[in-house]
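**Q** Here it is: the structure, laid out below.
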Amino acid sequence: MLRFGLKRIDYVALSILLFLLIYLIYRVNSYVEYNWRWHKVLGYLINRDETGYHFGLLTKGLFYTLKLSFWSIIFSMIFGLIAGVSRTLKRPFFKIGSLIYVEINRNIPPLVLVFIFYFFIADQLFVYFDIEHILRAQSQTVINIVSFTFAPINLLSSFFAGVLTLAIYESAYIAEIVKAGIESVDSGQKDAAKALGLSKLKILKYVIMPQATKVIIPPLNSQFISTIKDSSIVSVVAIPELTFQGMEMMSATYLTYETWITVTFFYFFLTFLLSMLNKKIEKKLTANF
Amino acid sequence: MKRFFGLIILLFFAMFVSGNAESVRDELVKESTIEKILKRGYIKVGMSTFVPWAMQDKNGNLIGFEIDVAKRLAEDMGVKVEFVPTKWSGIIPALLTGKYDVIIGGMGITPERNKKVNFTIPYDYSGMSIVAHKKKAEGFKTLQDFNKNDVIIAVRIGTTAESAAKKYLPNAKLKLFDDESQAIQELLTGRVHAVVASSPMPAFQAIEHSDKLFLPFKETFTKEPIAFAIRKGDIDTLNYFNSWITIVESEGWLKERRDYWFNTKDWEKLLK
């Protein structure tokens, strides 16, 4: 168990926080005169009818956010690793190319990136490769697998627009993290490896990366948590993830506060779980060195 | 002899031109959205949440008047229907970039929108009505009561409610929201005097929150034709949809659906 070791000042701070929270609830209740209808929320999480239990709108949104974040993290890792390693190379093509990539993506608001991808790029790509058509011609099992791992076919183009936007946006930060990690390795290590006659790729694989990983992993974890949080911005193009479904629920029921408190809890649940999981992985990975 | 040759050339030319016209027409038909829909076996319908025109029930299934219309349309065409939920502010750009075949989303015909899309004949008429805060708008009885400098009106951005409020209440201040529920929340907390929206939503809200809200007057103050919107220049598709609307209107089916969604609240149990 964790031992907190609270001092008097901590108790004072905690009681002030508690007081503020109670005051906030009191204000909402008395000033806004809000009619709490929490029982209505339950149906949007899980409900049952003649055919059995069904996941509600919000729960489905949560799953969608999970899928969206998962694929975004995978792709952002790939893009980020490539761009980050390129940043440390001497060849101008890699060095300048990756610099342009990182700077463009870091200096455009993610919201604008979403629109660019949704309206121009993803659509053009989809039409060009005719992915939707090819997929629809497949058997039902293939369609089901695609629906489960990615998104239902009619939402596929918007799903990938969302994943690509998030992946590219987050990869710019991951590239910087990777670059910093590689640069943190003492240059003597590289020289020594060179003197031993290792090839460039082998130096990266066996000497640099194992040491850089230790530095890279902690900030990378917080970047993953950021990805989950940032995934809410794709709701602006009606991708049915948690935030969008929250808005849909609010439109249909007018349960403004209940909806957003539930959505907040869901996001916190996701990110907190990931953060705990990451801590464990972090310990295991860094223990080897 | 010369004249004869001239005639032959002329005939040849005429044949070529008419043949060309025929092939152009064939080409147009082949390119029409209707043909494409029939060929691929499903229709993509763009819509945005508007209670009770289109909304998601607690399981995430789409329900509403527009949804019924689109489903019946697809059924009559013999194809499947696929809905593409879209933000209202981006609904026309997304149609133009080909994200769906048609907007069936309670879109009112306006000259401004008509510059960018083609409209079918109307399948519904809606009107704007107003719901006001009991304390803030106390004693307000006519539209003119709201047309004052110190009155704030909340509307959904990009809707005909926004243009109606600008036209009929030029003196009032407007507060724009992305969703109607946000506008209603603003009204419930008393930060605005009233919300302008398509009937029957204001009336439903006045019943739902009878302790805080009221209807200053019962009638709607505008009448707006609602139609499908499609990409420009597609006469084949336009004609098909127009004919379909004429058929279901004369059947009485549209009226029956309107009664269900706008004059009863039986559908509310799907949301709870």
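**Q** Please note which helices (runs of 4 or more DSSP H) are completely contained in the stretch B:12-113 and include at least 3 residues that are in contact (Cβ under 8 Å) with a residue 12 or more places away in the chain and within 20 Å of the chain's Cα centre (by Cα).
**A** Ranges flagged: B:65-77, B:91-96.
**Q** Quick one: in the stretch B:72-81, which of the residues that are crowded, with 16+ Cβ neighbours inside 10 Å and in contact with a strand residue (DSSP E or B) (Cβ under 8 Å, 6 or more places away or on another chain) is nearest to the other protein chains (Cβ to nearest Cβ)?
**A** Top of the filtered list is B:81.
**Q** Checking the condition within 14 Å of chain B (Cβ to nearest Cβ), over 21 Å from the mean Cα position of the chain (by Cα) and of a type in the set (Gly, Ala, Ser), which residue from A:97, A:56, A:61 passes?
**A** That would be A:56, the only listed residue that is within 14 Å of chain B (Cβ to nearest Cβ), over 21 Å from the mean Cα position of the chain (by Cα) and of a type in the set (Gly, Ala, Ser).
**Q** For the stretch B:82-102, which positions are more than 9 Å from every other protein chain (Cβ to nearest Cβ) and of a type in the set (D, E, K, R)?
**A** B:101
**Q** Is it true that some residue in the stretch A:256-271 is at pLDDT below 90, out of contact with any strand residue (DSSP E or B) (no Cβ under 8 Å at 6 or more places or on another chain), more than 26 Å from residue A:106 (Cα to Cα) and not polar (S, T, N, Q)?
**A** Scanning the stretch A:256-271 turns up at least one residue that is at pLDDT below 90, out of contact with any strand residue (DSSP E or B) (no Cβ under 8 Å at 6 or more places or on another chain), more than 26 Å from residue A:106 (Cα to Cα) and not polar (S, T, N, Q).
**Q** Out of all the residues in the stretch A:229-252, which are surrounded by 20 or more Cβ atoms within 10 Å (Cβ to Cβ) and either away from chain B (no Cβ under 14 Å) or more than 30 Å from residue A:119 (Cα to Cα) (or both)?
**A** Hit for the stretch A:229-252 is A:231, nothing else.
**Q** Now a separate question. Return the total of residues in the stretch A:36-62 being exposed (fewer than 15 other Cβ atoms within 10 Å of the Cβ) and either in contact with a Cys (Cβ under 7 Å, 6 or more places away or on another chain) or not charged (D, E, K, R) (or both).
**A** 8
**Q** Checking residue B:219 against (1) within 24 Å of residue B:46 (Cβ to Cβ); (2) not assigned by TED's automatic domain parsing to the domain that holds residue B:54: exactly one of these is not met. Which one?
**A** (1)
**Q** Right, next: Could you pull out the residue among B:230, B:226 that is over 30 Å from residue B:140 (Cβ atoms), touching a residue at least 12 places away in the same chain (Cβ under 8 Å) and more than 14 Å from chain A (Cβ to nearest Cβ)?
**A** B:230
**Q** In this structure, is residue A:258 surrounded by fewer than 23 Cβ atoms within 10 Å (Cβ to Cβ), within 14 Å of chain B (Cβ to nearest Cβ), touching a residue at least 40 places away in the same chain (Cβ under 8 Å) and within 26 Å of residue B:54 (Cα to Cα)?
**A** yes
**Q** Looking at (1) within 21 Å of residue B:258 (Cβ to Cβ); (2) assigned to a loop (DSSP other than H, G, I, E, B); (3) not acidic (Asp, Glu), find the lone condition where residue B:116 falls short.
**A** (1)
**Q** Would you pick out the residues in the stretch B:121-151 that are within 17 Å of residue B:191 (Cβ to Cβ) and part of a strand (DSSP E or B)?
**A** B:130, B:131, B:132, B:133
The values are calculated or read from the model by the stated rules, or taken from the named source; none is laboratory data. Computed from a predicted structure; not experimentally measured. Cβ coordinates were reconstructed from backbone atoms using ideal geometry, including for glycine residues, and neighbour counts include every protein chain displayed.
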